[in-house]
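Asks: Sharing a structure, written as structure tokens. Questions coming.
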Amino acid sequence: MMPLFKTRMYKYLLICLFILNFLIPNAAFAGQKAVLTDIKLANTRDDLLTYFNVENAFSDKISQAVKKGIPTTFSFYITLYKSDGSWLGKKISDIQIKSTIKYNSLKKEFSVIRPWKDDQPFISQDFEKAMVLMTQVDNLKVVTLKQLFKGDKYQLRIKAELDKVTLPLYLHYVFFFVSYWDFETDWYLINFTY
């Protein structure tokens, strides 16, 4: 009777350790939800541009994964609607861009790839600089001004998320908890009149 009791007790202990180790730290991080900040609209003579940053995108688990060599990609969704006062409206522009960070452990350098910005990756040994580039969108062309009409109302919607990590099959068993370090911001809306 005693060995059966010990076996059950060990199972419960393992379950409790699992919960404490994986679920509770992630609940603590949930308070630091990723958010978009410094959202701005500007225009050149020909184009409407947007700028924004993502804060709290790099949790400890995401940073550790990057430093272990797992390529990490952030996706940004930018949509412009002609507003009629409701959530529904005529879609004028729909953009999805991605930024990817990779760590080369042999060269001890981070590579940030932003195809929407530059053809060449940004290379740095400074993780802080690489994180800033990953979470910053600037001078992004949303639409040409020819597509907008004076006096009309528009709504810009912006969202950011971490792409799901695809690991080799044998690593799925080791990293079954990777879903705990993904993030997704809410949609941020900017209403403006052109």
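Asks: What single numbered condition from (1) surrounded by 15 or more Cβ atoms within 10 Å (Cβ to Cβ); (2) in a helix (DSSP H, G or I) fails to hold for residue 101?
Replies: (2)
Asks: Within region 119-147, which residues are in contact (Cβ under 8 Å) with a residue 40 or more places away in the chain and either buried (at least 18 other Cβ atoms within 10 Å of the Cβ) or of a type in the set (Gly, Ala, Ser) (or both)?
Replies: The answer is 131, 134, 135, 137, 140, 142, 143.
Asks: Within 24 Å of the chain's Cα centre (by Cα) and either outside the structural domain of residue 37 (by TED's automatic domain parsing) or closer than 21 Å to residue 38 by Cα (or both): does that describe residue 99? Reasoning before the result, please.
Replies: On the way: within 24 Å of the chain's Cα centre (by Cα): yes; either outside the structural domain of residue 37 (by TED's automatic domain parsing) or closer than 21 Å to residue 38 by Cα (or both): yes.
So residue 99 fits the description; yes.
Asks: Which ones in region 116-131 are within 22 Å of residue 34 (Cβ to Cβ) and in a loop (DSSP other than H, G, I, E, B)?
Replies: 116, 117, 126, listed by residue number.
Asks: When only residues in region 40-88 that are of a type in the set (Val, Ile, Thr) and modelled with pLDDT of 90 or more count, which is surrounded by the fewest Cβ atoms within 10 Å (Cβ to Cβ)? Break it down into steps so the answer makes sense when it comes.
Replies: Applying the first criterion (of a type in the set (Val, Ile, Thr)) to region 40-88 yields 44, 50, 54, 62, 66, 70, 72-73, 78-79.
Okay, now just the ones that are also modelled with pLDDT of 90 or more, so 44, 50, 54, 66, 72-73, 78-79.
Working: 44: 11, 50: 22, 54: 25, 66: 20, 72: 20, 73: 16, 78: 21, 79: 18.
Checked region 40-88; the qualifying residue surrounded by the fewest Cβ atoms within 10 Å (Cβ to Cβ) is 44.
Asks: Restrict the check to region 19-28 and report whether at least one residue is in contact with a strand residue (DSSP E or B) (Cβ under 9 Å, 6 or more places away or on another chain) and at pLDDT below 90.
Replies: Just the residues of region 19-28 that are in contact with a strand residue (DSSP E or B) (Cβ under 9 Å, 6 or more places away or on another chain), to begin with: none.
No: zero hits.
Asks: Moving to a separate point now. Taking the condition of being at pLDDT below 95 and small (Gly, Ala, Ser), how many residues in region 125-159 meet it?
Replies: Qualifying residue count, region 125-159: 1.
The values are calculated or read from the model by the stated rules, or taken from the named source; none is laboratory data. None of these values were measured; they are calculated from a predicted model. Here the Cβ is made from the backbone with ideal geometry for all residues, glycine too, and neighbour counts use every protein chain on show.
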